[in-house]
Structure formats: C-alpha cells, structure tokens
Amino acid sequence: MSEDTENQEDNVEKNVPADQIGQLEAEINTLKDTFLRKIAESDNLRKRLEKEKEDAIRFSNTRFARDLLTVADNLERVTENSATIREKIETEAGLKIFFDGVLLCEKELVSIFSKYGISRIAVKIGDGFNPEYHQAMCEEESSDYEAGVVLRIMQVGYTYHGRLLRPAMVSVSKKI
C-alpha cells in the first residue's frame, strides 16, 4: 500500500467517531438480516407456487372425473341386485349377454377410475359417520346402533388423488 492510502485510512478512522461505527455496523447487520429474510421469503414463495402449479395440473380433470361419476352410479344401480337379476336373465340368452356387457362396462369404468386416481370411499353400514367423507342426508332412529353410525348408503362417494370429489351420501343413526 502507498503512504497516501495509509494516511487516508488513518484520517478516516480518526474522523469517524466510535459510536457512529457501531451504528453503521448495526445497520449493516440489520440489512444483512433483512436481505436473508427476503431471500428465504422468496424461496418459500417459489416453492408454494410450484406446489400450486403441480396441484393445478394434477387436479385439472376434476370436472371430467365428477361427470363420470353419474355413469358409475347408473351402472351400479343396474348391477346392484345382480344375483336376483342373473337368475331371471339366465333363461334368456340375449338378456344374459346384455347383463354381461353392463358388468364389463362397470369393470372397465372402475379400471379407468383407478388408472386416473379416482377411488371409491370405503363406507359400509355400521361405520361411524365421518364428516370429511360422508354427507348425512337424514337421521333415522335405531335401536341396533348408537348415534352417529351409518345406517344406509344412498350414494357412493369418491376421491380424486386423495382429495374429496364427492362425499358419500348416507343415512345416520340417532338416539331413540
């Protein structure tokens, strides 16, 4: 270093009071802290936006999936009493073929649902009412069950990649 540069630094140190140096160092530390917080905030925002983008892509077919549920409902209604219907149909070859076709359609629809992340909500009579996945359509008095138990399933519910697509519509027991 040259003599002039050293003299200038000495003069700067002599001309700046110690308390002002402390204030400047505190301000530098505050600015560093603010800067690091802004970087962290920016990183968190970026991550949140990436997650929202992934969810938007993942759940973009929700309307399509919801529309398919009515097809599943109708096929299930046709095949609901399959044992009784099958006994009557087996005497008529054409009706048996028709019924087998309906069963095949239902099987294929369930396969497609599975492929695209659509799952039935597993609920059966005697299960406890779960407001996250069930919608109580009515309450019925029951001496067989305590209050808050599923007595009837009126419509099956579905999830789409774990997110509720449609709640199961159920009848729930109440105290007598």
What distance in nm separates the simple spin-label points at Leu164 and Asp100, each placed 7 Å from Cα in the Cβ direction?
4.2
What residues qualify as long-range amide H neighbours of Gly157, i.e. H under 5 Å apart, gap of 5 or more or another chain, H built at 1.01 Å from N?
Ile121, Ala168, Met169
Amide H to amide H, which residues 5 or more places from Asp127 or on other chains are under 5 Å from it, using H placed in the peptide plane?
Val150
The answer for Val172, listing residues at least 5 apart or on another chain whose modeled amide H is closer than 5 Å to its amide H, is Met137, Cys138, Glu139, Glu140, Leu151
Once label points are set 7 Å from the Cα along Cα→Cβ at both Val110 and Leu49, what is their separation, rounded to one decimal in nm?
4.5
In whole angstrom, largest first, the equivalent ellipsoid semi-axes that the Cα gyration tensor gives for the stretch 16-81 are 63, 9, 5
Across the stretch 60-72, in residue order, what do the Karplus-derived ³J(HN,Hα) couplings come to in whole Hz, using 6.51 cos²θ - 1.76 cosθ + 1.60 with θ = phi - 60° and x for Gly and Pro?
5, 9, 4, 4, 4, 4, 5, 5, 5, 4, 5, 5, 4
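Where a number appears in this text, it was derived from the coordinates with a stated rule and is not lab data. Keep in mind that what you see is a predicted model, and the values were worked out from it rather than measured. No Cβ is skipped: glycine too gets one built from the backbone with ideal geometry, and neighbour counts run over all protein chains shown.
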